[in-house]
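Beneath this line is the structure, given in structure tokens, with notes to follow.
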Amino acid sequence: MLEIVGLAVSFGAAPALRGVGLRVAAGEAVSVLGANGAGKTTLLRAIMRRLPLDAGAIRIAGEDCGRLTTAQIVRRGVALCPEGRQLFQAMTVEDNLLLGAYGSPSRIARARLETVLGRVPWLRARLRQLAGSFSGGEQQMVAICRSLMGAPRLLLLDEPSSGLSPVAIAQIREMLQTVRHEDGMTMLLVEQNVALATALTTRCTVLNRGTVAFEGATASMADAGDLAEAYLGGAPS
Ligand code: ATP
């Protein structure tokens with residue numbers, strides 16, 4: 001579904017990614033781990049064509065995406081749930097969700113809303129509330145639901161556990177496990193939380209200062225104290 005080869009991205013003279021390769025098969029979930037500044041968000045922004053590539057290739061379902069726009073990437077079935085959730089705080093939850101189906105006929109958007117509400121039933125009674133009135137964990141749920149409103153075939157998630165309590169992270173984990181196993185969603189999960197990455201993905205890529213430092217079983221990271229110390233800034237919790 002997603003193949004990245006020799007990817008290089010820089011900001012001015014400063015390289016952010018160098019020679020990064022990655023594959024995610026259809027129906028697979030892969031995580032990208034790494035400390036702050038390792039290049040994880042840059043990788044997702046490059047996939048969405050929000051950044052110019054210095055070198056390398058990004059292929060989605062076999063198609064070279066080098067010349068596509070962000071809108072065309074979205075139309076190919078890729079959705080990004082961004083870091084920090086990025087909800088419109090002064091809009092209702094319902095309107096935030098419907099924005100995820102922007103451009104689709106309203107009949108289809110409504111049908112997708114019903115599907116999403118089937119996944120998160122408690123949201124139905126709170127659709128008219130402002131997104132800004134929701135807790136961080138609730139907002140993260142809404143942000144994930146908004147990405148699902150486009151009916152993606154590849155879901156990119158940027159640190160969904162960021163800033164959340166253990167209870168909220170457990171709820172996010174359960175929701176994503178359902179989306180993964182019942183809907184068969186292909187996922188690329190950027191995380192610093194090794195426990196969440198292990199629960200959701202079988203394979204991981206560890207980035208360190210813009211290069212691939214490790215590729216292997218996500219579960220092996222939980223036991224790899226040295227790796228975690230070197231690349232994640234401490235032993236996994
Ligand atoms: P975090 O976990 O803190 O979000 P990250 O792994 O997602 O970190 P990136 O945000 O991809 O890291 O940043 C990778 C490198 O690129 C960092 O050195 C960062 O300072 C730099 N960088 C990111 N965005 C920009 C930008 N818009 N302009 C200049 N440098 C940037």
Two pseudo-spin positions, 7 Å from Cα along C-beta at A217 and at R76, lie apart in nanometres by 3.2 nm
Per the rule of 0.36 nm per residue minus the C-alpha distance, extending V5 to R126 adds in nm 39.2 nm
Reduced to Cα centres, the span from the stretch 76-117 to the stretch 153-224 in Å works out to 22 Å
For the chain, the accessible surface attributable to carbon and sulfur atoms (probe 1.4 angstrom, ligands and nucleic acids excluded) amounts in percent to 51 percent
Of 122-129, 23-30, 80-87, ordering from highest average Cβ density within 10 Å down gives 80-87, 23-30, 122-129
Averaged per residue, the 1.4 Å probe accessible area of the stretch 85-151, protein heavy atoms only, in Å², is roughly 50 Å²
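The values are calculated or read from the model by the stated rules, or taken from the named source; none is laboratory data. No experiment lies behind these values; they were computed from the predicted model shown. All Cβ positions, even for glycine, are placed from backbone atoms using ideal geometry, and neighbour counts span all protein chains on display. All accessible areas refer to the heavy atoms of the entire protein, side chains included, with ligands and DNA or RNA removed. Shrake-Rupley method; radii C 1.70, N 1.55, O 1.52, S 1.80 Å.
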